[in-house]
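The values are calculated or read from the model by the stated rules, or taken from the named source; none is laboratory data. All values derive from a computational prediction rather than experimental measurement. Positions of Cβ are backbone-derived with ideal geometry, glycine not excepted, and every protein chain shown enters the neighbour counts. Only protein heavy atoms, including side chains, enter the accessible area calculation; ligands, DNA and RNA are left aside. Shrake-Rupley method; radii C 1.70, N 1.55, O 1.52, S 1.80 Å.
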Amino acid sequence: METLEIYLPLIMAAALGLLLFSGYPVALVLSGVGIGFAMIGISLDLMSLMEMYNIPARAYGMIGENLIYPAVPMLIFMGILLERSQIARELLGCLQVIMRRAPANLAIATAVIGLILAPAAGLVGASVATIGLIALPTMLQRGYRPSFASGTVASAGTLGIIFPPAIMLFFLADLLGIRIAVMFTVTIVPVGIIFSLMLAYFLIRAFVEPSIAPKAESLPRMTSAQLVLYILRSFAFPTALIVMILGSIITGIATPTQSGAVGAAGAVLLTVLNRSISLSMLADALRQTVKMTGMVFFVVIGASVFSYTFRSLGGDKLIFDLMEAAGLGAWGMLFLVLGIIFVLGFIIDWIEIALITLPIFLPILSGLDFGDAFGSREQMMAWIAVLIAINLQTSFLTPPFGFALFFLKGVSPPQINLSDIYKGAAPIVGLQLIALAMIIIIPNLALWLPY
């Protein structure tokens with residue numbers, strides 16, 4: 001019985017891992033496992049019945065009293081509205097016109113769209129599906145090789161989820177105790193490195209093998225005045241909206257909630273300028289926003305129930321003791337945590353991973369000692385947050401289990417099969433591992449920007 005009491009948190013974690021494959025909603029699984037093992041803990045006198053009254057207060061405190069989370073539904077609304085209003089498709093066409101002389105210009109345009117639109121889409125499935133529906137049919141129609149096209153879309157859809165003002169960064173900042181302005185700043189250069197490696201790959205592949213990404217035979221002819229207006233409406237305004245949100249948070253001009261409100265209002269204004277606004281479209285965007293927001297916060301509540309029970313049963317201390325007993329050192333501990341998170345990225349979305357694992361690993365990560373490599377604890381935690389973000393984004397793309405690859409298959413035309421998607425994603429994964437290694441070896445690549 002004593003052994004059962006000691007290792008009950010590990011049994012709880014194993015039960016969660018098995019039930020995640022049951023097909024039930026993740027939020028229900030999290031809360032169900034949390035409450036079920038709380039009952040077991042109470043029966044074994046490891047918890048008191050009075051502790052159950054703390055669970056509703058904890059769940060409310062995580063959402064109702066958090067100053068960052070209110071920005072989430074507004075950013076989701078912004079992303080959905082930009083997609084529903086055809087602004088994203090216009091943006092793709094505009095980028096094709098701007099880069100018409102560049103090899104693989106449609107692949108480059110898709111990557112740029114990923115940086116602009118995916119941050120507001122929020123979740124991996126939503127961002128990959130959005131970019132896939134916008135860009136993939138056009139790329140195939142232009143004669144792009146299916147593997148090259150699918151790899152481009154998958155990488156574009158996942159890169160944006162770690163680029164400011166991505167919703168993931170709000171959660172990482174809150175869970176790791178980092179200021180949101182710092183979290184935004186430290187991700188800019190790492191994402192820029194990955195983006196630059198991707199562009200170099202697209203250009204080199206298209207130059208060496210032109211048939212992989214044929215150039216457009218004809219693009220719309222415009223006068224100079226028409227071109228300027230087209231670029232302003234289709235490219236400059238959506239880009240300015242994202243820059244305005246990012247800049248206002250980094251500079252401290254506005255809170256995350258205020259910036260999210262500006263983003264939502266700006267998206268409505270863009271649909272007006274685009275002449276695509278209608279009551280039915282707004283109603284549909286609001287319904288989708290409510291649905292996705294409800295799902296996100298339901299997972300937050302479920303994770304709070306699970307983590308409270310796990311901690312009450314001594315799970316965080318058990319994990320800390322087991323990892324400390326392994327004698328891995330600071331670097332070994334860091335790589336072990338990154339490895340666990342990487343594997344979890346094969347089966348569940350980032351929000352579940354962040355809300356389940358980071359509260360457990362936080363005492364371990366906070367206690368790591370890398371000598372005088374960092375000027376403060378916040379710097380170290382910001383660097384670790386960047387590594388976690390890139391690590392997750394890479395796992396979503398890694399064949400054969402990459403989470404994003406299956407979502408892409410779900411929105412792909414019938415002529416694209418999983419082997420095409422795997423072939424297209426594999427080189428991008430290699431580039432991302434190079435970027436991850438660069439940030440690990442040279443932390444100042446992430447930390448050198450002022451904040």
Once a ≥ b ≥ c are taken as the square roots of the eigenvalues of the Cα gyration tensor of the chain, is the result rounded (a/c under 1.5), prolate (a/b larger than b/c) or oblate (a/b not larger than b/c)? prolate
Ranking K409, K423 from most to least accessible area with a 1.4 Å probe gives K423, K409
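Excluding the sites themselves, what is the longest stretch of the chain that contains no GluC sites (Glu not before Pro) in a DSSP loop with at most 11 other C-beta atoms within 10 Å?
Details: sites that count: E65, E217.
In the chain, the maximal stretch lacking such sites is 218-451.
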Kindly write out, for region 169-182 in residue order, the coupling ³J(HN,Hα) from the Karplus curve 6.51 cos²θ - 1.76 cosθ + 1.60 (θ = phi - 60°), rounded to whole Hz, with x marking Gly and Pro. 5, 4, 5, 4, 4, 5, 6, 9, x, 10, 4, 5, 4, 5
HN-Hα J couplings of region 251-256 from phi, Karplus 6.51/-1.76/1.60, θ = phi - 60°, integer Hz, Gly and Pro as x? 7, x, 5, 9, 6, x
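Do any trypsin sites (Lys or Arg not before Pro) in region 129-221 lie in a loop, going by DSSP, with at most 12 other beta-carbon atoms within 10 Å of their beta carbon, and if so which? The partial results should precede the final answer.
On the way: sites: R142, R179, R205, K215, R221; in loops: R142, R179, K215, R221.
Answer in residue order: R221.
Determine the calculated [θ] at 222 nm for the chain from helices alone, applying -39500 (n - 2.57) to every DSSP H run no shorter than 4 residues and normalising by the residue count; nearest 500 deg cm²/dmol. Spell out each step's value before the answer.
Working: 21 runs with 335 residues, N = 451.
Rounded to the nearest 500, the figure is -24500 deg cm²/dmol.
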Sorted by chain and then number, the residues having a modelled amide H within less than 5 Å of the amide H of K215, at least 5 places away or on another chain, are none
Using the Karplus curve 6.51 cos²θ - 1.76 cosθ + 1.60 with θ = phi - 60°, what ³J(HN,Hα) values do you get for each residue of region 421-427, in whole Hz, with x for Gly and Pro? 5, 4, 4, x, 7, 4, x
When a/c is below 1.5 the answer is rounded, else prolate if a/b is larger than b/c, else oblate, so apply that to region 336-451 with a ≥ b ≥ c taken from the square roots of the Cα gyration tensor eigenvalues. prolate
